[in-house]
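Just below is one structure, and these are the notes that go with it.
The values are calculated or read from the model by the stated rules, or taken from the named source; none is laboratory data. Being a predicted model, the structure only gives us computed values, none of them experimental. Every residue, glycine among them, receives a Cβ derived from its backbone with ideal geometry; neighbour counts consider all protein chains shown. What goes into the accessible areas is simple: the full protein's heavy atoms, side chains included, and nothing from ligands, DNA or RNA. Shrake-Rupley method; radii C 1.70, N 1.55, O 1.52, S 1.80 Å.
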Amino acid sequence: MRVGLFVTCLVDLMRPNIGFAALELLESAGCEVVVPATQTCCGQPGYNSGDRESARALALKVLEEFEACEYVVAPSGSCSGMIRTHYPDLFRDAPADLDRIERLSARTYELTDFLVNVAAIARVPGKYRGAVTYHDSCAGLRELGVKAQPRALLAKMDGVALTEMEDCAVCCGFGGTFSVKFGDISAAMAEKKCEHIQASGAETVVLGDLGCMLNIEGRLRRRGDSRTRVLHVAEVLSGRDLKGD
Amino acid sequence: MESQSIHFKKRVAGELANAQLQSNMRRFGGRFKMARAKVVGEVDDWEGTRSAGAEARDRALNNLDTWIERFESEATRRGATVLFAETGADVAELVIDICRRHGVKKAAKSKSMLSEEALLNQRLEAAGVQPVETDLGEYILQLAGEVPSHIIAPAIHKSKEEVADLFEREHHRPRTLDIPQMTREAREVLRAHFLSADMGISGGNFLIAETGSVALVTNEGNGRMVTTLPRVHVCITGIEKVLPTLEDLSLLMRLLPRSATGQSISNYFTVLTGARQPGDRDGPEHMYFVLVDNGRTNLVGGDMQEMLRCIRCGACMNHCPVYQTIGGHAYGWVYPGPMGSVLTPSYVGLENALDLPHAATLCGECSVACPVKIPLPDLLRKLREKQVERGLRPASERLGIRIWSWVAQRPRLYAFATRVATRYLRFQGGRARMISHLPLGKGWTLGRDMPAPPGRTFRELYAKRKAQ
Ligand code: SF4
């Protein structure tokens, strides 16, 4: 299986460890992983800011880079959701490209969804031990139906005890540029998320989107919690939570 | 209501600092959501019912003129008078006209969000007619001189204590914090108004074209009093509320109370057809419909038409984490939450509500909860696109996005820029690896730190690894 890894711009810049974790998980699932060197951003910032033209240009770039792959996988529900559910909308009035775009969209997956439903992996290499709670990031959950997949994978790890927090499926307040434009609302929403995480008693919150991770970790630290760890599900599953970055 | 939506950011700051509001939202904000979750399972195929509901609404909206005409002729045939208002001011004018014709001095009102659009109470008072709100929440707000902050629970922002103070002041009775006692007190005061009002004003949840009827969904019984006791009944509602048939009504009634309050059926469900006929035991002598446009036809046939499906259940705000954090008043006009963020710019002008389409994380909870499947996040995004098309976004923001995508289309430049950026952020993070102040992201660091990156991009590390 030839899988193109879409690293995402945020992981590239802010936490490369997640990219390597995804790479190792895909390789251990027996995939031949290609990482197109020219990849940058999926175009979501432009799309959600009302600038379709910018978004379309980047979508075409992603298409060129990944068209030769059997699957496209991203360690992010937000970016894979952009490609899978929003790219076709971007090209609804450009029939020349729509066909190719739709074929790319249909074979684009969020990482845990891919590992469970396409690669159907039996074991995961991670060694994490301890109590975790899982935050469902919005795009993965509501655009792609990612809910049971990460939990099923975590359940394959003997040392992981999952305790659900209250409102685990409620937005953490990140929302891309929203987090800067409406920083006060965003931080107040993150605050509620942090309260739920702490009330769950877990020592680590695990999730599948770096944007939400930065938001949650940033708020935890600001409110003086330096202990609760914030890990990407790929880091936990791959065992790269121990390697740090 | 005059729109204050242009002041959204300032209002948000106030609401976030409002301890009473914050505590109310935390205590009560989630109740409707939980109640709804419990009852949707009662319907065999909830998702299929939502789709059918959306289709039924689309059928009405796709031929809105036909169904409105049908409604008009059926209602007229049954003795009601159907009037049309283009704007909110027209609504008030028509109602005042009716008051004059029938010598009305006092009007008892059941809940109507449209009368808020029309500033009806203010305008009635100016014309010498006393409006009395009889929905408990609306009554409280009328006493307090405030506007609703939720379309179903209008006084959700008020605490029991505030209401007790208000009642003591207005009712001149000993202050009590016992809610059943407070309700009884309000009921006693309102009873006199019901009996002395010359006119009842109601909203309308649905209009039924085939019978010329209006359907009312209420919980307090005041809707029935208002529409049967006074001599004149005026029903004010939007033109988009029409449904072709009673069959459609029964379908939407499976969706509305469950989505709104988590009830299988509301306490009262009333279908009213025409004025009092010879032989009827009760009912008003005169029945009027005021059907309001106020911006609605602009949406018909366009790319925002889906919004007109809305049946005003409030589920989108109950499920909106932004609404739950800032409350309804911050939005600055009649309708708050996700539906308000679409309706307000559409009705009062895109340029008068610049922040609203952006005040959402596009988390999608609203569209999953909406009983008629309105794709609210997509509509918000469309409004953002319209803002960009009309040059209504700040130049700095548009330039920022342009530069970002220009650089992102040039991989070598992008690789260089991110190399620099990640090192800079690494340096900013210091030993704690936390950035507490971002010059270009003040909005972020005001309430949060930013975890610093390790200082090498994935791209660099991957190239190194491949070379080994
Ligand atoms: S948009 Fe949907 S969820 Fe919101 S009030 Fe209207 S019908 Fe209800």
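Scanning region A:54-84 for residues that are among the small types (G, A, S), without any contact (Cβ under 8 Å) to a residue 24 or more places away in the chain and open to solvent by less than 30 Å² (accessible area, probe 1.4 Å) yields a single hit, A:S54.
Restricting attention to region B:261-307, the residues being touching a helix residue (DSSP H, G or I) at 6+ places or on another chain (Cβ under 6 Å) and without any contact (Cβ under 8 Å) to a residue 40 or more places away in the chain number 1. Quick test for you: out of B:G274, B:G262, pick the one residue that is small (G, A, S), on the phi > 0 side of the Ramachandran plot and in contact with a Gly (Cβ under 6 Å, 6 or more places away or on another chain). Matching residue, one of B:G274, B:G262: B:G274.
Scanning region B:390-424 for residues that are under 31 Å from the mean Cα position of the chain (by Cα) and either under 30 Å from B:D248 (Cα atoms) or more than 8 Å from chain A (Cβ to nearest Cβ) (or both) yields a total of 5.
Taking the stated definitions as given, is A:L98 in the same structural domain as A:L25 (by TED's automatic domain parsing) and crowded, with 24+ Cβ neighbours inside 10 Å?
Values: in the same structural domain as A:L25 (by TED's automatic domain parsing): yes; crowded, with 24+ Cβ neighbours inside 10 Å: no.
No: the conditions fail for A:L98.
Scan region B:259-268 and give yes if some residue there is assigned by TED's automatic domain parsing to the domain that holds B:G221 and under 29 Å from B:I96 (Cβ atoms), otherwise no. Checking region B:259-268: at least one residue is assigned by TED's automatic domain parsing to the domain that holds B:G221 and under 29 Å from B:I96 (Cβ atoms). When restricted to residues that are in a helix (DSSP H, G or I), more than 13 Å from the ligand (Cβ to nearest atom) and surrounded by fewer than 24 Cβ atoms within 10 Å (Cβ to Cβ), region B:337-354 contains 5. In the condition set (1) within 30 Å of A:R227 (Cα to Cα); (2) out of contact with any helix residue (DSSP H, G or I) (no Cβ under 9 Å at 6 or more places or on another chain); (3) free of Cβ contacts under 8 Å to residues at least 24 places away in the same chain, B:S396 is compliant with all but (1). Of the residues making up region B:356-380, those that are assigned to a helix (DSSP H, G or I) and either within 12 Å of the ligand (Cβ to nearest atom) or in contact (Cβ under 8 Å) with a residue 24 or more places away in the chain (or both) number 12.
Kindly establish whether A:I101 is at pLDDT 95 or above, under 13 Å from A:A55 (Cβ atoms) and touching a Pro at 6+ places or on another chain (Cβ under 7 Å). Yes; evaluated as a whole, the condition is true for this residue. Between B:C320, B:C316, the distinction of being within 16 Å of the ligand (Cβ to nearest atom), open to solvent by less than 60 Å² (accessible area, probe 1.4 Å), at pLDDT 95 or above and outside any loop (DSSP other than H, G, I, E, B) belongs to B:C316 only.
Check A:R223, A:R219 and return the single one that is more than 8 Å from every other protein chain (Cβ to nearest Cβ), free of Cβ contacts under 8 Å to residues at least 40 places away in the same chain and among the basic types (K, R). That would be A:R223, the only listed residue that is more than 8 Å from every other protein chain (Cβ to nearest Cβ), free of Cβ contacts under 8 Å to residues at least 40 places away in the same chain and among the basic types (K, R). I'd like the full set of residues that are part of a loop (DSSP other than H, G, I, E, B) and either farther than 19 Å from B:A75 by Cα or under 24 Å from the mean Cα position of the chain (by Cα) (or both), limited to region B:213-232. Listed by number, the residues that qualify are B:N219, B:E220, B:G221, B:L229, B:P230.
Just name the residue that is most open to solvent (accessible area, probe 1.4 Å) out of those in region A:166-195 that are part of a helix (DSSP H, G or I) and more than 7 Å from every other protein chain (Cβ to nearest Cβ). It would help to see each step written out before you state the result.
Within region A:166-195, the first condition is being part of a helix (DSSP H, G or I), and the residues that meet it are A:178-181, A:183-195.
Next, only the ones that are more than 7 Å from every other protein chain (Cβ to nearest Cβ) stay: A:186, A:191-195.
Numbers: A:S186: 0, A:E191: 34, A:K192: 46, A:K193: 5, A:C194: 0, A:E195: 62 Å².
Per the criteria, the residue is A:E195.
Residues of region B:387-396 that are surrounded by 17 or more Cβ atoms within 10 Å (Cβ to Cβ) and either within 16 Å of the ligand (Cβ to nearest atom) or not in a loop (DSSP other than H, G, I, E, B) (or both): B:Q387, B:V388.
When region A:24-53 is examined, which residues are found to be in a helix (DSSP H, G or I), open to solvent by less than 10 Å² (accessible area, probe 1.4 Å) and facing chain B (nearest Cβ under 8 Å)?
Across region A:24-53, the qualifying residues are A:G46, A:Y47.
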